[in-house]
Structure formats: C-alpha cells, structure tokens
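Below: the structure, in structure tokens.
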Amino acid sequence: MSKATIIPFGPQHPVLPEPLHLDLVVEDETVVEAIPQIGFVHRGLEKLVETRDYNQFIYVAERICGICAFGHSLGYAETVESLMGVEVPKRAEYLRVIWHELSRVHSHLLWLGLAADAFGFESLFMHCWRLRERILDIFEKTTGGRVILSVVSVGGVNRDINASQMDEIIHTLEGIEHDYHEIMQVMLNDGSVKNRTVGVGYISHESALDLCMVGPFARASNVAYDVRMFGHGGYGELSDFQPLCATEGDCYARVKVRCEEVLQSIAIIKEMAAKIPAGDIAVPVKGSPAAGAEAANVLEQPRGECYYYARGNGTKYLDRMRMRTPTSQNLAGMVSVLEGCDLADVNMIILTIDPCISCTER
Amino acid sequence: MAFASKSPWVIHYDGSSCNGCDIEVLATLCPGFDGERFGVINTGNPKHADIFLVTGSINEQNIEVVRQIYDQMVEPKVVVACGICACTGGIFHDCYNVLGGVDKAIPVDVYAPGCAVRPEALIDAIVKGIAVLDEKSAALEKKKKEGVA
C-alpha cells in the first residue's frame, strides 16, 4: 500500500477556463478521493433583485453565465411572465426557441473544442471554435451582440428576425452542418480520441438517478430526461421530440450525446424557421407581481435542467429570485466518477460534465 | 510601434467573470480572430507568461489567487483587465461579494472595457501591452546598468 498524496488541481489550470479547485488524493496514479472547493466566482447576484426592478434584472440574469446567457434571460423572463400571468405572442415563442437552440449549438461546439483541448488535440479544438464563430456571426447579425444578446424582455423579445435573415440563418446552418459532420467523424471514430474516451469515467444508470444528475451527463447514462420533451413554450409546437440518450455511461457516451444534440438542435431551428407565424413579437407588460405570488419554471440549458423560482411582494422589485443550475446538480456525479480514476484522465472527466462554475456559484 | 519586439505569451485567469469574457479571450486566440499572428500563445504557467489577462472582478476568495499568479510572473510583466467587470466591477459592482476591479489587487497596465469584451478590443489591448512591456524592459535595463556603474 503506497502513501496517499494530495495533488491540488486549479483554481488556475490550463484545461479549465474557469476557477474550480479540487484536492485530488492519489495513491500511485489512482485518484482515491476528490474534494472540491468552490466559491471563487460567487458574486451574490440573487440579492440584486432587491435593488433592480424585474425588467432591469433580466440583464443581470443574462450575466449569470456568458455561455448560457440567452437561456438564463429566457428562464427568468418565463418565470416572471408566469408570476404576472402574461401571455407571450406565438412569434416571440418561436424566436426564443430559435435563439435558444442556436445557443445550444454554440455551447456544444465550444465544449467539443475544450474537450479536444483536454486530451491534447489542439487542431480539433481550433476547428470546433472556427465553426462556432459562424454561430456567433448569426447572433451578431440578428441581435447585435456576440455573447450577451440582451434580446429577451418580459412579455416577448426585443428584436424580430425578418424573412431574409431567416433564410440566411438556414443557409449558414446548412454550411455548418456540412463541416460539422467532418468534426463529428473525428470525435466519434478517430482511434486516438477513442483511446482517451471509451470506458473512461463510467457511471451507471442507477448512480445517475441516485445522484440526481441532469442534462447530457445523465442522458449518457440512459436517463431519458430532457425538459424540452414537456413542450414548454415554443417547444410544444415541435412535431416530434425525443431526448437523445446513450447507454454506455462513459466519456465517449457523453461526447456522443452532445455531438448528436448539435444536429438535433439544427433540425429544431429549421423546423421552427419553416413554420414561424406572423404577428407581434412582444406584449406590453404593466403593473407588478402581486405580494406573495410565487412561480417556478424549468428550462433545458445546454448543460441540463435549470430551475427558477420567483416570489413577488407587490412592488416592481421581486422578493426572492432563486436558480438551481445544472452544474451544481452534476458536481456530486463528477466527484463520484473521479474516485478510482487514473490521474491522467482527471482533465477529461471534469470536462465531460461540462462544468459551468459561474452558473453554479452566481 | 512599427513592429512587435516580442511574441508575448499570455496567461488567463477568470476572477469572478460570467464566462462571457473568458470565452472571448479564447476566441481571440482561435482562427476567427487569430490573435496568434501577434505571436501570442496561451500558457498555463505564470513563469512563462509576459501578459496576464484577468477577466471578472475581485472578491474575497480569489484576491489571493490573483496576487499569487502575479507574483509568480517574471519581470517585466503586464496586466490587462479584460472586460468591464475586471475594470470596475461592472454590472456587479454593488454585489456584496465584489470588491471591485482587478486594480484593487494588482497594478493594471491596460484596460479593455466591454460586456463582453470584444476580441478586437482584446487584440488592441494586447498590442498596447507589448508597448508597455518594451517600456518596462527598457527601464529594467537602465536600472541594471546604473546598478553596475
């Protein structure tokens, strides 16, 4: 029996764009325990609802996380709308789905790139991010922003996408799809990639359920749960939606689920663009949430289910705003996967849960 | 500055940013904007880095980490505050756990505002950083000579 050593991982680490600290207790080359320490990104923005009114807070909600920025503004707006009983126009719901799915494509491409970087495939990283730039170009053309879009408002959306822009989006997406198949081929079939992912970081279906994992991390362990299947908002108009699952439960399965979700999202955008109805993009919202009124809402973010809760107090300021983000759900799963893994695989395993620390700590 | 006298290696640390600026820092170095044409390489080792790119504001937990990374860097070194949160605290300036911009912890040479900071602004900040690096290394040389004489 060798002596246990503690190797600190992070908060500044080349594989992580974000600060997460782990104390890895290792014996020889095997990790016996991983002790996470978080709190480097905590800003305390849930408390800002006391000083920003419900329209202003949408811009704070958007900055919970820069990767799922659109998702957070959408989730927050939907919560406040249900708090106040606002009916959103159909066209706005369609536009929200289109932007949300574009965000998912950009988030997954970003992740695929970072995963490639984690196992040392630098050129694949660059190719993923090159494709992602084209999604950001769509964002810039339709909203004016690359990362923070500021396009959702309580009661609808701020900007419309006209027919010629819509054609351009579809045309760009077809180009991306064409190039993406090449990247997917490497990600899923290349021998050197498979050596790093197949059989690494296994978690069973039962453990995934026990640890309340969400999103692609859970779906890779065959948990068929995706909030989009409940048909909330514009998702109710989809002709068919099935969560994409894999049964293997290892890093390879997580890569595969996300790879396929990109294509699924592109198909959703195409369907929505084809049948988007004409009409208003926002309704005027007057008044304030009633005192004691409560609303809860779930949304499928690129990283999994995100839960929102809001309570009104009769003024234009909310009494309480609470989010439970996918990464905080998945941290327990990550720690359990890390136990017993090889030290060299730690990078890859941490990356495959797609951690978003600024969502988690807010 | 007619030419860059040095290929600056950069190290990136996320203070308490929302990720928006972090992914823009990485996007700057990727093919879309190709920051690498200025010789910029992203390194994970503070001892190899010339320019320290900090995103996000400073809080109680990360102030020591930022100081440690800065102290480990070798002179001459330049600090670039990337994004409005790193410059002043930005939209989160009145949050209870935000102390303010990066200049609360370490001296900042170049400020690149924006929410999120645009890659063009970052490239501009890095190129300005090279000029600051030149000034600092000239000052170091001068000090060394005076010390010898």
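What you get for chain B, charging only the Cβ of Lys and Arg (+1) and of Asp and Glu (-1), is a dipole of about 460 debye around the Cα centre. For chain A, lysine pairs with C-alpha atoms less than 17 angstrom apart, excluding pairs fewer than eight positions apart on the same chain, total 5. With each label modelled as a point 7 angstrom along the Cα→C-beta vector, the A:Arg324-A:Asp23 pair spans 2.8 nm. What the Cβ-Cβ distance of A:Gln37 and A:Ala278 gives, at R0 = 51 Å and to the nearest 0.05, is a FRET efficiency of 0.45. By the count of other C-beta atoms within 10 Å, a proxy for reagent exposure, A:Phe121, A:Phe70, B:Phe3, B:Phe33 are ordered fewest to most as B:Phe3, B:Phe33, A:Phe121, A:Phe70. The calculated FRET efficiency for the pair A:Ile170 and A:Met229, based on their C-beta separation and a Förster distance of 41 Å, comes to about 0.95. Across peptide A:36-46, the mean count of Cβ atoms from other chains lying within 10 Å of each residue's own Cβ comes to 6. Computed from the Kirkwood radius of its Cα pairs, the Stokes-Einstein diffusion coefficient for the range A:53-361 at 10 °C and 1.306 mPa s stands at 80 µm²/s.
Working ranking of peptides A:102-110, A:33-41, A:242-250 by packing, defined as the average number of other Cβ atoms within 10 Å per residue, highest first, is A:102-110, A:33-41, A:242-250.
As a rough footprinting exposure proxy, the listed residues A:Arg254, A:Arg134 were ranked by other beta carbons within 10 Å of their own, and the order from fewest upward is A:Arg134, A:Arg254. Label positions at A:Ala290 and B:Val74, each projected 7 Å from the Cα along the C-beta direction, are separated by 6.9 nm. Among A:Met187, A:Met126, sorting on how many other beta-carbon atoms sit within 10 Å of each Cβ, with the fewest leading, yields A:Met126, A:Met187.
Across every pair of non-identical alpha carbons in the range A:70-181, the mean reciprocal distance, once inverted, gives a Kirkwood radius of 15.2 Å. The alpha-carbon of B:Lys128 sits under 27 angstrom from the alpha-carbons of these lysines, leaving out residues fewer than 8 places away in its chain: B:Lys6, B:Lys47, B:Lys77, B:Lys104, B:Lys136, B:Lys142, B:Lys143, B:Lys144, B:Lys145. What separates the Cα centres of the range A:129-175 and the range A:37-62 is a distance of 25 Å. Build a GNM of chain A with springs between Cα atoms under 10 Å apart, and of A:Gly71, A:Gly155, A:Gly314 the one that fluctuates most is A:Gly314. Against the main long axis of the alpha-carbon atoms of chain B, helix B:119-148 sits at an angle near 40°.
Taken as entire DSSP H runs, the helices of chain A that both span 27 Å or more between Cα atoms along their own long axis and average -1.0 or more on the Kyte-Doolittle scale are A:90-118, A:122-143, A:163-189, A:251-274. Other protein chain C-beta atoms within 10 Å of residue C-beta, averaged over A:57-63: 3. Answer rounded, prolate or oblate for the range B:9-148, using the Cα gyration tensor with square roots of eigenvalues a ≥ b ≥ c: rounded when a/c is under 1.5, else prolate when a/b is larger than b/c, else oblate. Oblate shape, in that a/c is at least 1.5 and b/c is the bigger or equal ratio. Measuring between their Cα centroids, the range A:106-121 and the range B:1-39 lie 18 Å from each other. Per residue of peptide B:84-95, the mean number of Cβ atoms on other chains within 10 Å of the residue Cβ is 3. Only Lys, Arg, Asp and Glu carry charge here, each on its Cβ (+1 for the first two, -1 for the last two); on that basis the protein assembly as shown has a dipole of about 1120 debye about its Cα centre. Other residues with beta-carbon under 11 Å from the beta-carbon of B:Ala121 carry, at +1 per Lys or Arg and -1 per Asp or Glu, a net charge of -1. Taking the C-alpha atoms only, the angle from helix B:20-29 to the longest principal axis of chain B is near 40 degrees. Estimated from helices alone, the mean residue ellipticity of chain A at 222 nm is -15000 deg cm²/dmol (sum of -39500 (n - 2.57) over DSSP H runs with n ≥ 4, per residue). The alpha carbon centroids of the range A:205-264 and the range A:283-351 are separated by 17 Å.
Each value in this text was obtained by applying a stated rule to the coordinates, not by laboratory testing. Predicted, not measured: the structure shown is a model, and the values here were computed from it. Cβ sites come from the backbone with ideal geometry, for glycine too, and all protein chains shown count toward neighbours.
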